[in-house]
Amino acid sequence: MTARSRAFLKSAAALALVAGLSACGGGGGERGGLFGGFFQSNREPPLESFGPEEIYKRAEFELETQDIDDAVRLFSEVERLYPYSEWAKRALIMQAFAYHADRDYENSRASAQRFLDFYPADDDAPYAQYLLAISYYDQIDQVGRDQGLTFQALQSLRTVIERYPDSEYAKSSILKFDLAFDHLAGKEMEIGRYYLKRGHYSAAINRFRVVVEEFQTTTHTAEALHRLVESYLSLGLTDEAQTAGAILGFNYQSSGFYQDSFNLLQGRGLEPEAAGSGWLQDIYRQVIRGQWL
């Protein structure tokens, strides 16, 4: 959110109360003020009789006092009644913010996307894109093994990073991108361990391979290599186990996973070293020897 938007939020309560007292003398409903009891009483003037700034300020006041439903309704009314005004533009980005604060991520995304569609060059466009991205990101832990939202979060966060690299949201997006990426690797590990414990070694290897090949920069790579040593030894594929151990030792020698793999190999009379051929041998050649061709 821009400094301009944050300033509106901070001043909302005072501005709304001043406007309410001057316009209505404190009358009209339990809460009093400009829109006191508007949604509960027919005695209030129709909303159409107020200007866009007045409605917007009241919406900010409702947001400040945590009455998010009324805030969203009022922001929406600014859009409906004054669709081409500056206040309508501000109200739209604040709708997206209010929905996100209420954890209504679907509507937050919809409002943010509308803002981007209508005002792609506006100063608040980076914030709209950021809101869209974190509306996916904040749902990552709610989706179980369905990683669709995680991929969408990664795509949206990358858009913030690439399209608005100098914005105040780029740094936060980079951090969240790395965490979401790590989350995907963690899910692959979770499934791989599930297969490994049940003796489905080939299925487990497929999952650990994904981590080693596609998620090398995450925190899960060392464990993935160790689990490959376990899986390949269980299948009697010693060359692959040794090569996985060699990569693990080269990159993560201080890791407890390397010591565990070393002990497993030593128990079979084997050493961590590049042996045989296959996809792990390719990684060993590329990453350790620097031979990419």
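The values are calculated or read from the model by the stated rules, or taken from the named source; none is laboratory data. Bear in mind the structure is a predicted one, so any value in this text is a computation, not a measurement. No Cβ is skipped: glycine too gets one built from the backbone with ideal geometry, and neighbour counts run over all protein chains shown. Just so you know, the surface numbers come from the protein's heavy atoms only, side chains and all, with ligands and any DNA or RNA stripped out. Shrake-Rupley method; radii C 1.70, N 1.55, O 1.52, S 1.80 Å.
Whenever you get a sec, line up Val78, Val287, Val210 from highest to lowest accessible area (probe 1.4 Å, protein heavy atoms). Walk me through the intermediate numbers first.
Details: Val78 0, Val287 60, Val210 40 Å².
Of Val78, Val287, Val210, the descending order of accessible area is Val287, Val210, Val78.
How large is the dipole of region 95-161 about the Cα centre if only Lys and Arg carry +1 and Asp and Glu carry -1, each at its Cβ, rounded to the nearest 20 debye?
Charge dipole, region 95-161, about its Cα centre: 220 debye, nearest 20.
So how strong a dipole does region 185-293 carry about its Cα centre when Lys and Arg Cβ are +1 and Asp and Glu Cβ are -1, to the nearest 20 debye?
On the way: 10 positive and 12 negative charges, 46 e Å.
I would put it at about 220 debye.
Give me the aspartates and glutamates in straight-line cross-link reach of Lys171: C-alpha distance below 12 Å, same-chain residues under 8 apart excluded.
The qualifying aspartates and glutamates are Glu162.
Could you order His200, His100 by accessible surface area, starting with the largest, using a probe radius of 1.4 Å? Please list the in-between numbers first.
Numbers: His200 95, His100 35 Å².
If we order His200, His100 from most to least accessible, we get His200, His100.
Which of the lysines could a cross-linker span from Lys57 if the Cα-Cα distance has to be under 25 Å and same-chain partners fewer than 8 positions apart are dropped?
In chain and number order, the partners are Lys10, Lys89.
Quick one: grab Rg to one decimal and Dmax as a whole number for region 195-268, Cα atoms only, in Å.
Calculated on Cα positions, Rg and Dmax stand at 11.1, 30 Å.
Which whole-Hz couplings ³J(HN,Hα) result when phi for each residue of region 63-79 is put into the Karplus expression 6.51 cos²θ - 1.76 cosθ + 1.60, θ = phi - 60°, listed in order with x for Gly and Pro?
Values per residue, Gly and Pro as x: 5, 4, 9, 6, 8, 5, 4, 5, 4, 4, 4, 6, 4, 5, 5, 4, 4 Hz.
Sequence neighbours fewer than 8 away in the same chain don't count; with that in mind, list the aspartates and glutamates whose C-alpha is under 19 Å from Lys197.
Those aspartates and glutamates meeting the cut-off are Glu188, Glu223, Glu230, Asp260.
Among Leu237, Leu265, Ser255, which residue has its Cα furthest toward the positive end of the charge dipole of region 227-293, with +1 on Lys/Arg Cβ and -1 on Asp/Glu Cβ?
Ranked along the dipole, the leading option is Ser255.
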